[in-house]
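Q: For reference, the structure I am asking about is given below.
The values are calculated or read from the model by the stated rules, or taken from the named source; none is laboratory data. As the structure is a computational prediction, the values presented were derived from the model and not from experiment. Because the Cβ atoms are built from the backbone with ideal geometry, glycine has one as well, and the counts that use them run over all protein chains shown.
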Amino acid sequence: MKTKHLLSLALLAVISVLSINTASAQLFRYGIKGGLDVASPKVSTEVFDVKNRVGFRIGGVVELKVPLTGFGVESGVYYGNRGFDVKDSETGVKGDISNMSYVSVPILLKQRFSLLGVAGIYISGGVFGNARISGGELTIDGDKYKPKKLQKGLDFGAGVSVLSHLDVGVNYRYRFGDAYDYDSLDKNFKKIGRNTWTISVGYLF
C-alpha cells in the first residue's frame, strides 16, 4: 500500500511539474522580429511627392499572455533605419531626409484567435516611442533641419500565425506631432513620415 501511495504521489508531482511548465510557456514567450517599410507616407499629395527609401527595423520581442484566452501584451526593442526623398511639385524644390537610425519600443495589447490549433490570426494596438540615434536631417537648398530626438505615436497591426511560432503581419503607425520643430519650415515638410506602413515577420520560441 505504501508503495502504491508513493507511486501516486510521484505521478502527481510529475503532472504538477508538467502543468507548471505548460503554464509558463503560455504566459511568457520571446523571439526575434523584423520588418520593411512598404508604403510611401502621404502628406498633401497635390503639392508634395514623398517617397521613402528602403527602411527596416529588427530586434527582440517578448509576449506576455493570459492562459487560455489568447489575450496578451507584446513589447520589444528594435533598431530601425529609414529615409525619404521629397519634391514640391509646384516649385520643383527637392528635399532629402538622410537615413535615420533609431531605437523603437512599442507596447501593444494583442489578441490571438486560433484556427484548429495549427494556424491563427491576431490583432494588436498600442503605443510606441522612437529615440533617434543619428541621421534624419532634412536638407533643402543646402539648409539642414534636425528632427526631434524623441517621437511617439499609435501602432495598430494584424496578421496570421503559423504553428504558434511564426507571425506575419502588417502594422500601421501614426506619429504624434511634427518631426521638425522649425517655424520657417513649410508645414507639409514637418508632417513627413507621420504615417508609415510596415510588413513584419517574427518568430517566437
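Q: Since ILE121 meets every condition but one in (1) among the aliphatic types (A, V, I, L, M); (2) closer than 22 Å to ASN195 by Cβ; (3) surrounded by 13 or more Cβ atoms within 10 Å (Cβ to Cβ), which condition does it not meet?
A: Result: ILE121 fails condition (2) only.
Q: Mind checking which strands (runs of 3 or more DSSP E) fall wholly inside the range 127-205 and carry at least 2 residues that are modelled with pLDDT of 90 or more and surrounded by fewer than 17 Cβ atoms within 10 Å (Cβ to Cβ)? Write out each step before concluding.
A: On the way: elements: 138-140, 143-145, 150-162, 166-175, 195-204.
Of the strands (runs of 3 or more DSSP E) lying wholly inside the range 127-205, those with at least 2 residues that are modelled with pLDDT of 90 or more and surrounded by fewer than 17 Cβ atoms within 10 Å (Cβ to Cβ) span 150-162, 166-175, 195-204.
Q: Let me ask something else. Name the strands (runs of 3 or more DSSP E) wholly inside the range 26-123 in which the number of residues that are on the phi < 0 side of the Ramachandran plot and modelled with pLDDT of 80 or more is 1 or more.
A: Result: 28-37, 56-65, 71-88, 94-115.
Q: With GLY153, GLY157, GLY129 as the choices, which residue is out of contact with any Phe, Trp or Tyr (no Cβ under 9 Å at 6 or more places or on another chain) and within 23 Å of SER75 (Cα to Cα)? Spell out how you get there, then give the answer.
A: Values: GLY153 fails: out of contact with any Phe, Trp or Tyr (no Cβ under 9 Å at 6 or more places or on another chain); GLY157 fails: out of contact with any Phe, Trp or Tyr (no Cβ under 9 Å at 6 or more places or on another chain).
Among GLY153, GLY157, GLY129, only GLY129 is out of contact with any Phe, Trp or Tyr (no Cβ under 9 Å at 6 or more places or on another chain) and within 23 Å of SER75 (Cα to Cα).
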